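The values are calculated or read from the model by the stated rules, or taken from the named source; none is laboratory data. Nothing here was measured: the structure is a model prediction, and the numbers come from that model. Cβ placement follows ideal geometry from the backbone for every residue including glycine, while neighbour counts extend to all protein chains displayed. The area values use the complete protein model at the heavy-atom level, side chains included, leaving out ligands, DNA and RNA. Shrake-Rupley method; radii C 1.70, N 1.55, O 1.52, S 1.80 Å.
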Amino acid sequence: MAEGCHLTRLPNPSWSKFKRTRLLNQQGPGEFLAWIAGKKGRTLVLRDPSGARELRPAGPLGEQLLALPLETLVWVRGWVEGESIVVEDLAVVNRPLVERRVDYLASPPDPRRYAELYYWYVRGDGFRRVALTRSLVLKYSREFLDANGFIELEPPVVGVVSDPGLRGAGKLATEAYGFRLELMSSLIMYKQLMASVFEKIYYVARNVREEPPENQSSGRHLFEFTQLDVEWGLSSLEDVKGLAERLLHYVHKRVLEEAPDVLHERLLDRSLFNPPFPVITYEEALKKALELGFKEEWGRELSIQAETAISNAVNRPFWLMFFPKQSRGFYYYPLEGNEALNTDFNLILPWGFGEVLDGGCREYRYSRLLERIKSLNEDVGKYGWFLELALNGGIAPSCGWGLGVERLVRFMLGLEHVAYATLHPRLPGVLPP
């Protein structure tokens, strides 16, 4: 120790003096630091980080515990026996001034109300299942990609320009140092940049898109969401399609092994994500939509309603491939033999859950990029750094995809709306906390 230095005992906050035993599944003696989450007659629902548990207070201080308001943080020393807790000692760590009115132990309300009040519902078991599933999906996705030679990179949050291919959504902007900057709606150009250097890369990225307010009721749109972005330099369409199939198969298998109880019963089918997945073309899907009574126009994305109807008719994921070039952003490589189409794909989930992943092979040739950007009436100057790279050979051929994490979690848990599948629901047209 340096001369003149000495050890100082730091003051600790009052609650840190209490010992803690986790409530869930505990029997016998213990010391519990927990919140009063609910009351059912003479039974309390006590909650701590391990979960919520119904217990009937007894013993010398049982009545005092019962009399405390909801969301009181208490320390209890006692004995758990069956569904009862004998309260031998009791201390109130924090007592609310006003008792809450939101019952977060009940089923969540409609998506809009849930998005407005989710800061209460994070305490419920449903949110716990979502958080666990998201964590496992990302854990095993990383595990799979790392094992296959991919490197994870940190995504930017702002840039001079973001992805223009947003299919009806807008982009949000901010200012710094006198510059206009866009919040990332997609990392496509950064993916192409880094795949030109490292070849195999991925990001876990938060994206922001100003979706039309009517998409609030689609069941699958948020204006802030998480995307697993993968790009593979010098690869083929089959390379990245196969990679996505194997990743989903691996993630599903590992979640089934570790936490089968969180999954919807239909996801207990171990063969659901067995590769290869079936393939239909955009042309075939358009014909099917017309047969189902939807008036779809060639050259546009399928409507959400038509895609959902087609998805409802299948029992496993399938690829929807080769979209018209005018329906997508400037960065897709044309289909060899038919340049009116892209070398691209969407992955569609069954039972009406719809698109979960999109991608394809990327345009890297300067003249083609310039031509496509102009055809979209975009300001060429905004893409200066990217076009400079392409002009000087700095963008390599690559293929890749983006997987919507919330959409996959929604599917795995069988949730009605994607708002329930995210940690911070941001619904189109709804002011978030």
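Let's see how each residue does on (1) over 30 Å from residue 36 (Cα atoms); (2) modelled with pLDDT of 95 or more; (3) of a type in the set (Val, Ile, Thr):
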site	(1), (2), (3)
127	no, yes, no
138	yes, yes, no
141	yes, yes, no
150	yes, yes, no
162	yes, no, no
**Item:** Filter result for the condition that a residue is buried (at least 22 other Cβ atoms within 10 Å of the Cβ), at negative phi and out of contact with any Cys (no Cβ under 7 Å at 6 or more places or on another chain), over 357, 423
**Value:** 357
**Prompt:** Of all the residues that make up the stretch 167-209, how many are assigned to a strand (DSSP E or B), open to solvent by less than 20 Å² (accessible area, probe 1.4 Å) and under 24 Å from residue 346 (Cβ atoms)?
**Reply:** 5
**Yes/no for residue 105 being surrounded by 13 or more Cβ atoms within 10 Å (Cβ to Cβ), closer than 30 Å to residue 419 by Cβ, in contact with a Phe, Trp or Tyr (Cβ under 6 Å, 6 or more places away or on another chain) and modelled with pLDDT of 95 or more** = no
**Prompt:** Which numbered condition trips up residue 258, out of (1) without any contact (Cβ under 8 Å) to a residue 60 or more places away in the chain; (2) over 30 Å from residue 340 (Cβ atoms); (3) open to solvent by 60 Å² or more (accessible area, probe 1.4 Å)?
**Reply:** (1)
**Item:** Any chance residue 118 is surrounded by 14 or more Cβ atoms within 10 Å (Cβ to Cβ) and under 23 Å from residue 432 (Cα atoms)
**Value:** yes
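Table: residues versus (1) within 21 Å of residue 276 (Cβ to Cβ); (2) at pLDDT 95 or above.
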{"residue": "328", "(1), (2)": "no, no"}
{"residue": "334", "(1), (2)": "no, yes"}
{"residue": "342", "(1), (2)": "yes, yes"}
{"residue": "351", "(1), (2)": "yes, yes"}
{"residue": "389", "(1), (2)": "no, yes"}
**Request:** Within the stretch 210-253, track down each residue that is under 24 Å from residue 182 (Cβ atoms) and part of a helix (DSSP H, G or I).
**Result:** 213, 214, 215, 216
**Asked** What is the residue count in the stretch 129-142 for residues that are under 19 Å from residue 401 (Cα atoms) and open to solvent by 70 Å² or more (accessible area, probe 1.4 Å)?
**Response** 2
**Prompt:** Within the stretch 59-89, how many residues are closer than 15 Å to residue 28 by Cβ and either surrounded by fewer than 19 Cβ atoms within 10 Å (Cβ to Cβ) or aliphatic (A, V, I, L, M) (or both)?
**Reply:** 13
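When you look at residue 56, is it open to solvent by 20 Å² or more (accessible area, probe 1.4 Å), more than 36 Å from the chain's Cα centre (by Cα) and within 28 Å of residue 120 (Cα to Cα), yes or no? Spell out how you get there, then give the answer.
Numbers: open to solvent by 20 Å² or more (accessible area, probe 1.4 Å): yes; more than 36 Å from the chain's Cα centre (by Cα): yes; within 28 Å of residue 120 (Cα to Cα): yes.
Taking the combined requirement at face value, the residue satisfies it.
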**Request:** Taking residue 92 as the residue in question, decide whether it is under 17 Å from residue 39 (Cβ atoms), modelled with pLDDT of 95 or more, open to solvent by less than 30 Å² (accessible area, probe 1.4 Å) and among the hydrophobic types (A, V, I, L, M, F, W, C).
**Result:** no
**Prompt:** Just one of 8, 43, 21 is at pLDDT 95 or above and polar (S, T, N, Q); which is it?
**Reply:** 43
**Some residue of the stretch 148-164 being surrounded by 14 or more Cβ atoms within 10 Å (Cβ to Cβ), part of a helix (DSSP H, G or I), among the charged types (D, E, K, R) and in contact with a helix residue (DSSP H, G or I) (Cβ under 8 Å, 6 or more places away or on another chain)** = no
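Does residue 220 qualify as being of a type in the set (Lys, Arg), under 30 Å from residue 111 (Cα atoms) and either open to solvent by less than 10 Å² (accessible area, probe 1.4 Å) or in contact with a Lys or Arg (Cβ under 7 Å, 6 or more places away or on another chain) (or both)? Show your work before the answer.
Details: of a type in the set (Lys, Arg): yes; under 30 Å from residue 111 (Cα atoms): yes; either open to solvent by less than 10 Å² (accessible area, probe 1.4 Å) or in contact with a Lys or Arg (Cβ under 7 Å, 6 or more places away or on another chain) (or both): yes.
So residue 220 fits the description; yes.
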**Prompt:** Restricting to the stretch 228-239, what's the tally of residues that are open to solvent by 20 Å² or more (accessible area, probe 1.4 Å) and either under 16 Å from the mean Cα position of the chain (by Cα) or not polar (S, T, N, Q) (or both)?
**Reply:** 5
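Hey, could you check the stretch 292-311 for residues that are part of a loop (DSSP other than H, G, I, E, B) and out of contact with any helix residue (DSSP H, G or I) (no Cβ under 7 Å at 6 or more places or on another chain) and say which is least open to solvent (accessible area, probe 1.4 Å)? So that I can check it myself, show each step before the final result.
Step one: filter the stretch 292-311 for residues part of a loop (DSSP other than H, G, I, E, B), giving 292-303.
Subsequent filtering for residues that are out of contact with any helix residue (DSSP H, G or I) (no Cβ under 7 Å at 6 or more places or on another chain) retains 293, 295, 297, 303.
On the way: 293: 62, 295: 198, 297: 108, 303: 33 Å².
Per the criteria, the residue is 303.
Sort out for me the strands (runs of 3 or more DSSP E) sitting completely within the stretch 25-111 that have 1 or more residues that are without any contact (Cβ under 8 Å) to a residue 40 or more places away in the chain. Before you say what the answer is, go through the steps one by one.
Working: elements: 28-40, 43-48, 51-58, 73-81, 84-94.
Once the strands (runs of 3 or more DSSP E) in the stretch 25-111 are filtered for at least 1 residues that are without any contact (Cβ under 8 Å) to a residue 40 or more places away in the chain, what remains is 28-40, 43-48, 51-58, 84-94.
Can you find a residue that is of a type in the set (Lys, Arg), outside any strand (DSSP E or B) and open to solvent by 70 Å² or more (accessible area, probe 1.4 Å) anywhere in the stretch 370-390?
Of all residues in the stretch 370-390, those of a type in the set (Lys, Arg) come to 372, 374, 382.
If we keep only those that are outside any strand (DSSP E or B) too, we end up with 372, 374, 382.
Now restrict to residues that are open to solvent by 70 Å² or more (accessible area, probe 1.4 Å): 374.
Scanning the stretch 370-390 turns up at least one residue that is of a type in the set (Lys, Arg), outside any strand (DSSP E or B) and open to solvent by 70 Å² or more (accessible area, probe 1.4 Å).
Just for the stretch 363-378: of the residues that are in contact (Cβ under 8 Å) with a residue 40 or more places away in the chain and under 32 Å from the mean Cα position of the chain (by Cα), which one is nearest to residue 141 (Cα to Cα)? Explain how you work it out, then say what you get.
Residues of the stretch 363-378 that are in contact (Cβ under 8 Å) with a residue 40 or more places away in the chain, as a first pass: 364, 372-373, 375-376, 378.
Still in the list and also under 32 Å from the mean Cα position of the chain (by Cα): 364, 372-373, 376, 378.
On the way: 364: 27, 372: 33, 373: 33, 376: 35, 378: 35 Å.
Looking at the filtered set, the residue picked out is 364.
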